[in-house]
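Worksheet: the structure to be examined is printed underneath.
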Amino acid sequence: MKKILVNLLILLLLFGIVEGASYIYLRNKVGDYLTDVNNFAKQNKLPTWSLKYAPVRVFHVDLRSEQFRPTTKGDRDESIIFFGCSYMYGYKEKYENTIPYIVAKETGITTVNRAFPGGSIVDAIDTMENPEFYNYMKKVPKPKYVIFMFITDHLNRVVVPYRRIIRSADNPYYEVNPKYEIENEHVKFKKYSKLNLFFKSLYSVKAFYYLYASKFNDKKAPDVMYDLFVLARHMAAERYPGAKFIIIDYKDGGHLLMPDELMKKLKANDFLIFDAEKLAGHELESEKWRIPEDKEHPNGAAFHDVAMGLVKALNLKSD
């Protein structure tokens, strides 16, 4: 009995050391970013951020509908469905400054914006096979295009559990993506067990994903993303016959475009991919084309130029 207790104490001590070292590692890794965000938050009287030890919660896909932008109705008998994340949603911009709205106003085509902050191609597939959305689309003119905006951070969203390493202090949760698997050409979301969520709340597990798993997944993610894009195009063709599936490749905060191997595989499979900068006719990385609050998300001026380029590239005015 004594030996068992001693071993348990040793294990607890080792656990404490690993947890403490993991906290220090994460703190150092995100320290500069954390300081910048905290300073900005204090200046603007916003909640500060922390690495607070906190439980994990799963991002609920059912809450997406509360974030959707309204449909912009046109006078033509056709529509375009837009999917993506905050870039297509138009984070911190009025809806009138977003790509779907501008396209609708320029062309008279009804645009349905089903992008939302944190979204990915998994969510686009799930939305397309959602009976409520499919019924809603019966009230909208027949889709001519299904357009998805891709940023490289989406690679993380399809393979790495954590949506982010830190959360705001007044909402102290580490959020994880829902678990999913593809069964018979459908995305099936699965529940996390309580034990699984407990382990994901540990600093040591977070540090593992931050330090090692993300590197392993960098090699795996392009293949996973390719499979999901193929499935998304299949879903679009199945639900909306005749609609063309298009990808817009936009540089994210890391100023990266789609990995070459993923781009080659998609083009070899006849995917139509537009570079957002080529659509806009200029670079989109500098502060001129990003919102000042975080210098990562595009601003309305960037959206306008991308939208106008898209209208021209697809001849949407002359159809």
Which value at 222 nm does the chain reach when only helices count, each DSSP H run of 4 or more adding -39,500 (n - 2.57), with the total divided by all residues and rounded to the nearest 500 deg cm²/dmol?
-14000 deg cm²/dmol
Ranked highest first by average number of other Cβ atoms within 10 Å, how do 113-124, 9-20 line up?
113-124, 9-20
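Over the chain, calculate the relative contact order: mean separation of alpha carbon pairs under 8 Å at least 6 apart, over the residue count, as a percent.
Relative contact order of the chain: 21 percent.
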Assuming R0 = 25 Å, what is the FRET efficiency of Thr35 and Leu256, from their Cβ-Cβ distance, to the nearest 0.05?
0.55
Cβ crowding within 10 Å averaged over residues, with 289-302, 149-162 ranked highest first:
149-162, 289-302
Would you list Thr110, Thr35 from fewest to most Cβ contacts within 10 Å?
Thr35, Thr110
Obtain the nm distance between the two label points defined at Arg57 and Glu185 by a simple spin-label model: each point lies 7 Å from its Cα along the Cα-to-C-beta direction.
3.7 nm
Where in region 240-256 is the amide nitrogen less than 19 Å from a point lying 7 Å along the Cα-to-Cβ axis of Asn135?
240
Segments 251-264, 197-210 sorted - mean Cβ within 10 Å per residue, highest first:
197-210, 251-264
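Given R₀ = 41 Å, FRET efficiency for Lys2-Leu197 by Cβ-Cβ distance, to 0.05?
E between Lys2 and Leu197, to the nearest 0.05, is 0.75.
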If each of Lys142 and Asp75 carries a label point 7 Å out from its Cα toward its Cβ, how far apart are those two points in nm?
2.2 nm
Surrounding charge for Leu211, neighbours by C-beta under 13 angstrom, Lys/Arg +1, Asp/Glu -1, total +2
Could you go through region 21-27 in sequence order and give the Karplus-derived ³J(HN,Hα) for each residue, using 6.51 cos²θ - 1.76 cosθ + 1.60 with θ = phi - 60°, rounded to whole Hz, and x for Gly and Pro?
5, 5, 4, 4, 4, 5, 4
Amide H within-cut-off set for Lys244, under 5 Å, with H built and near neighbours excluded
Tyr145, Val146
What is the set of long-range amide H partners of Glu285 at a cut-off below 5 Å, with H atoms built 1.01 Å from backbone N?
none
For region 96-110, take each phi angle, set θ = phi - 60°, evaluate the Karplus expression 6.51 cos²θ - 1.76 cosθ + 1.60, and give the result in whole Hz per residue in order, putting x for glycine and proline.
5, 9, 8, 4, x, 5, 5, 4, 5, 5, 7, 10, x, 8, 5
Among Lys105/Lys219; Lys138/Lys317; Lys200/Lys288, the pairs whose Cα-Cα distance exceeds 30 Å are Lys105/Lys219; Lys200/Lys288
Sequence order, region 5-16: Karplus ³J(HN,Hα) from phi using 6.51 cos²θ - 1.76 cosθ + 1.60, θ = phi - 60°, Hz rounded, Gly and Pro as x, gives 4, 4, 5, 5, 5, 5, 5, 5, 5, 4, 4, x
Amide hydrogen neighbours beyond the local backbone of Thr110, cut-off 5 Å, H modeled:
Gly74, Arg76, Glu78, Ile80
Determine which aspartates and glutamates satisfy two conditions relative to Lys264: a Cα distance under 12 Å, and not lying fewer than 8 residues away in the same chain.
Asp223
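Computed from the coordinates by the stated procedures, all read-outs in this text should not be read as laboratory data. Worth saying up front: this structure is predicted, and the values here are computed from it rather than measured. Cβ: placed from backbone, ideal geometry, glycine included. Neighbour counts: every protein chain shown.
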